[in-house]
Amino acid sequence: MQRALIVIDVQNEYETGGLKIEYPPFAQTLARVGEAMDAAHAAGIPVVVIQHSEPADAPVFAVGSHGWQLHEAVARRPRDHHVEKHQASVLAGTGLADWLRQHGIDTLTIVGYMTQNCDDSTVKQAAHEGFAVEFLSDASGALALANRAGHASAEEVHRVTMVVMQSNFAAVLTTGEWIAAVNSGVAPERDNILVSYRRAHGLA
């Protein structure tokens, strides 16, 4: 197993801008992101920092704006690669998949924001492209949503996304569990839809 830590869009927009992370609280998840970056660096795991960019007149992530800038907690830490993206998935139109394969990476550990958008789309595309995926549930976060399909709290969005990811696309674990797995060399548990369904109905 050759991991890379993918740090997605840890930008000021999510703390003080137009898309404030609500659950888990931003300060808590930011601390876990920092712990994951430090642990990866200590273990020789490449750290890839992703930065979302929109045109200068966009309402969020406008290039050059304070909200667009990487949060200081990430900007000050060492990284091995930096990628600018314009779509939700970090693998869409960035060339990152080629870089990862050139470096022998077969497992992506995902942290950052937002759970249900850039994180989720990255997890699923990575799984479809043949990477093993790990997702750190306490180093990511969501916000409440309301549209013509309904309303969901930030907690609901985050919790349900975690369950869905674990059921088919990624091994979902806390930062502490991930650091322990890195140190022990034991791969974290992965699941599948059938077992998850049976467990939900008391059949497993």
Among the candidates VAL186, VAL164, residue that is modelled with pLDDT of 95 or more and either assigned to a loop (DSSP other than H, G, I, E, B) or crowded, with 17+ Cβ neighbours inside 10 Å (or both): VAL164
Tell me, yes or no, whether region 34-51 has at least one residue that is in a loop (DSSP other than H, G, I, E, B) and on the phi > 0 side of the Ramachandran plot. yes
Could you figure out which of (1) under 15 Å from the mean Cα position of the chain (by Cα); (2) in a loop (DSSP other than H, G, I, E, B); (3) farther than 24 Å from PHE131 by Cα; (4) small (Gly, Ala, Ser) isn't true of ALA31? (2)
Complete set of residues in region 82-99 that are touching a His at 6+ places or on another chain (Cβ under 9 Å) and more than 22 Å from GLY64 (Cβ to Cβ): ALA92, LEU96, TRP99
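Residues are listed down the side, and each one gets a yes or a no for (1) in contact with a Leu (Cβ under 7 Å, 6 or more places away or on another chain); (2) exposed (fewer than 14 other Cβ atoms within 10 Å of the Cβ); (3) over 16 Å from ILE110 (Cβ atoms):
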| position | (1), (2), (3) |
| --- | --- |
| GLU13 | yes, no, yes |
| PRO25 | no, yes, yes |
| ASP38 | no, no, yes |
| HIS52 | no, no, no |
| GLY67 | no, no, yes |
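The values are calculated or read from the model by the stated rules, or taken from the named source; none is laboratory data. What you see is a predicted model; the values in this text were computed from it and never measured. Backbone-built Cβ (ideal geometry, glycine too); neighbour counts: all protein chains shown.
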